[in-house]
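Everything on this sheet refers to the single structure shown next.
Every number here is computed from the coordinates shown, using simple stated rules; none is lab data. What you see is a predicted model; the values in this text were computed from it and never measured. Note that each Cβ is placed from the backbone with ideal geometry, even for glycine, and that neighbours are counted across all protein chains shown.
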Amino acid sequence: MRRSEFLRAVQDEFHGRAPSLLSDLVLSALSGRTAAEALDAGVPPKQIWLALCAEMDVPESRRHGVGRLEPRKR
């Protein structure tokens, strides 16, 4: 998962709450950092996404393969 895919997935899942969750929610799975702090520290976006999903009780079915753009039509 790339950083852009992570940010798109957070926005798609949490809508208007996304900015607040990224900057305010402290995640114990990320050593007490917020998602934004973890990104800045170089933690892989997929690890952050999974920690955020676990904390927010996102169903497993919505955790994998998100954030990707649809392939371009040729």
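Things to note:
- Relative contact order (percent, whole number), the range 3-61, Cα cutoff 8 Å, 6+ residue spacing: 27
- Residues whose amide H comes within less than 5 Å of that of Arg33, counting only those at least five positions distant or on another chain, are Leu27 (H built at 1.01 Å from N in the peptide plane).
- Segment Glu60-Ser31, length gained on full extension (0.36 nm per residue, minus Cα span): 8.2 nm
- Separation in nanometres of the label points that stand 7 Å from Cα toward Cβ, at Lys46 and Ser4: 1.9
- Folded to 0 to 90 degrees: helix 3-14 orientation relative to the chain principal axis, Cα: 80
- Two-decimal ratio, the chain, of alpha-carbon radius of gyration to 2.2 N^0.38 Å: 1.08
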